[in-house]
1. Largest first, what is the accessible-area ranking of 156, 79, 173 with a 1.4 Å probe?
2. Taking 0.36 nm per residue of sequence separation and subtracting the Cα-Cα distance, how much length would be gained by fully extending the chain between residue 104 and residue 163, in nm to one decimal?
3. If Rh is defined by the Kirkwood formula over all Cα pairs and Rg also comes from Cα, what ratio Rg/Rh do you get for region 6-214?
4. Roughly how many Å is it from the Cα centre of region 92-135 to that of region 156-190, as a whole number?
5. What residues have an amide H closer than 5 Å to that of residue 196, excluding those fewer than 5 places away on the same chain, when H is modeled at 1.01 Å from N in the peptide plane?
6. Place a +1 charge on the Cβ of each Lys and Arg in the chain and a -1 charge on the Cβ of each Asp and Glu, then give the dipole magnitude about the Cα centre in debye, rounded to the nearest 20.
7. With a 1.4 Å probe and all protein chains left in place, how much accessible area per residue does region 62-219 have, in Å²?
8. Using DSSP, restrict attention to beta bridges with both residues in region 6-214 and report what percent are antiparallel, rounded to the nearest 5.
Amino acid sequence: MNDDVLIAPSILAADFARLGDEVQAVDQAGADWIHLDVMDGHFVPNITFGPDLVRAIRPSSKKLFDVHLMIAPADPYLEAFAKAGADLITVHVEAGPHLDRSLQAIRAMGKQAGVSLCPATSEQTIAHVLDKLDLILVMTVNPGFGGQQYIAAMEEKIRRLRAMIGPRPIRLEVDGGINAETSARAIAAGADVLVAGSAIFRTNDYAAAISALRHLPVA
Ligand code: DX5
Ligand code: ZN
């Protein structure tokens, strides 16, 4: 298995009454990034949090804040999330007609730029913006909720995107239903960043849960 796999716990599954402590706990448990699922109740049928929450938990970890915007439109809020402490901002290709402009705006603020694809969206939709991407996020569930079933059919899309990326320095992230079993399949298909909410926060040993997702060869 690839030992360059990054683990990004999603705070969507964390205890919302203690989010700062939870972020500190997964940071100390070995998380590489912190994944923040922003939902607006419009692009997805759920509402989570906004830039003020990002600002509030920013002091809890120095790890990369991987902000996944499941909102439409996204452009009016990019600056607020950048100022709140996001390091990488991901917008959905389905969120509006001007993806290229959104990605340029994110990079112009000195942040890394990502795009996310819902399960039904083809990888061809981002073929013309590869040079503006630091990350591609393949949704392996329909966005909106944690604890859903992994959609194995997305592995073909992951493989095709890994081929499209070629030698470019673009991370390939998967999000949704990722656990010790499905993470091995996603890595084998070409993913190198794993978002996991339930598989980590629904356990009482975050370090063990994170290690189990890495599938590093046993020494
Ligand atoms: C869906 C969310 C979830 C979350 C991870 O919109 O993005 O995929 O991050 O949820 P789990 O790991 O619990 O499936
Ligand atoms: Zn996410």
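1. I get 79, 156, 173, largest accessible area first.
2. Length gained, residue 104 through residue 163: 18.9 nm.
3. 0.93
4. 17
5. 8, 10
6. I would put it at about 280 debye.
7. That works out to 43 Å² for each residue.
8. 5
The values are calculated or read from the model by the stated rules, or taken from the named source; none is laboratory data. Keep in mind the model is a prediction, meaning the values are calculated, not measured. All Cβ positions, glycine included, derive from the backbone under ideal geometry; neighbour counts span all protein chains shown. Only protein heavy atoms, including side chains, enter the accessible area calculation; ligands, DNA and RNA are left aside. Shrake-Rupley method; radii C 1.70, N 1.55, O 1.52, S 1.80 Å.
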